[in-house]
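Engineer: Have a look at the structure that comes next, please.
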Amino acid sequence: MLKGFRDFMMRGNVIDMAVGVVIGAAFTGVVTGFVSAFLTPLVGVAVGAAGDFKNYAFSVGGVTFPYGQFLNVLIAFVLTAAVLYFFVVLPVTKATARYLPKKPKAPRRPCPECLTEIPEAARRCAACTAEVEPVEPAVIYTQR
């Protein structure tokens with residue numbers, strides 16, 4: 001029983017996930033600090049406020065609706081998402097496309113029975129299990 005638990009804990013994906021969660025929590029603090037220290041005050045300057053909307057509220061029938069708190073959270077969310085996209089997702093996507101190019105896909109053709117796309121070398125359709133003749137890859141001969 002303990003051997004199985006040890007094997008589970010030592011699998012690479014469990015350790016990778018734990019490290020990712022810890023780094024994600026630390027990174028969340030960095031992004032939140034950046035947004036609250038720099039970007040939220042800029043929004044406040046743009047709209048003529050102090051950058052903190054927590055005191056904004058309205059009353060209807062004696063009930064107070066503190067919409068300023070919601071504005072603070074909404075602005076922080078949008079700015080955090082923008083920072084993550086432009087400073088993490090976009091650069092990682094570009095680096096991945098540049099350094100890890102996609103492998104070319106195998107040529108495909110429609111299954112004659114159900115018209116599902118199947119690889120040209122397939123002998124049986126994965127969707128309808130119909131037997132199909134494989135298409136031999138075209139060989140191009142060049143004269144020298």
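Engineer: Note down the magnitude of the dipole of the chain about its Cα centre, charges +1 on Lys and Arg C-beta and -1 on Asp and Glu C-beta and zero elsewhere, to the nearest 20 debye. The partial results should precede the final answer.
Structural biologist: Details: 14 positive and 9 negative charges, 94 e Å.
Magnitude of the dipole: close to 460 debye.
Engineer: On to the next question. Go through 71, 86, 41 and say which Cα lies farthest out towards the positive end of the charge dipole of the chain; charges sit on Cβ, +1 for Lys and Arg, -1 for Asp and Glu.
Structural biologist: 86
Engineer: Taking only Cα atoms, what is the 0 to 90° angle, nearest 10, from helix 67-84's long axis to the longest principal axis of the chain?
Structural biologist: Roughly 40 degrees, rounded to the nearest 10.
Engineer: P(r) for the range 14-98: what percent of alpha-carbon pairs falls in each 10 Å bin, starting at zero?
Structural biologist: Bin by bin from 0 Å, the calculated values are 15, 33, 27, 16, 7, 1.
Engineer: When the accessible area of the chain is computed with all protein chains present and a 1.4 Å probe, what percentage of it is carbon and sulfur?
Structural biologist: Exposed carbon and sulfur together represent 68 percent of the surface.
Engineer: Provide the per residue accessible area, probe 1.4 Å, for the chain, rounded to a whole number of square angstrom. Intermediate results must be reported in sequence, preceding the final value.
Structural biologist: On the way: 11960 Å² over 144 residues.
Per-residue accessible area for the chain comes out at 83 Å².
Engineer: With Cβ to Cβ distances under 9 Å as the rule, what net charge do the other residues near residue 135 carry (K, R +1; D, E -1)? Write down the numbers at each step before the final one.
Structural biologist: Details: positive: 109; negative: 120, 133, 136.
The answer is -2.
Engineer: Let me ask something else. Pulled fully out, how much extra length does the chain show between residue 65 and residue 26, if you take 0.36 nm times their separation in residues and subtract their Cα-Cα distance? Could you put the intermediate results ahead of the total?
Structural biologist: Numbers: separation 39, 0.36 × 39 = 14.04 nm, distance 3.34 nm.
Net length gain for the segment: 10.7 nm.
Engineer: Reported to two decimal places, what Rg/Rh ratio describes the range 51-133 when computed on Cα atoms with Rh from the Kirkwood expression? Spell out each step's value before the answer.
Structural biologist: Numbers: Rg = 27.1 Å, Rh = 18.5 Å.
Reported Rg/Rh, Kirkwood definition of Rh: 1.47.
Engineer: For Cα extents along the principal axes in Å, the choices are [x] 62, 27, 20; [y] 80, 48, 47; [z] 104, 56, 29; which was calculated from the structure?
Structural biologist: Entry [y].
The values are calculated or read from the model by the stated rules, or taken from the named source; none is laboratory data. Predicted, not measured: the structure shown is a model, and the values here were computed from it. Positions of Cβ are backbone-derived with ideal geometry, glycine not excepted, and every protein chain shown enters the neighbour counts. All accessible areas refer to the heavy atoms of the entire protein, side chains included, with ligands and DNA or RNA removed. Shrake-Rupley method; radii C 1.70, N 1.55, O 1.52, S 1.80 Å.
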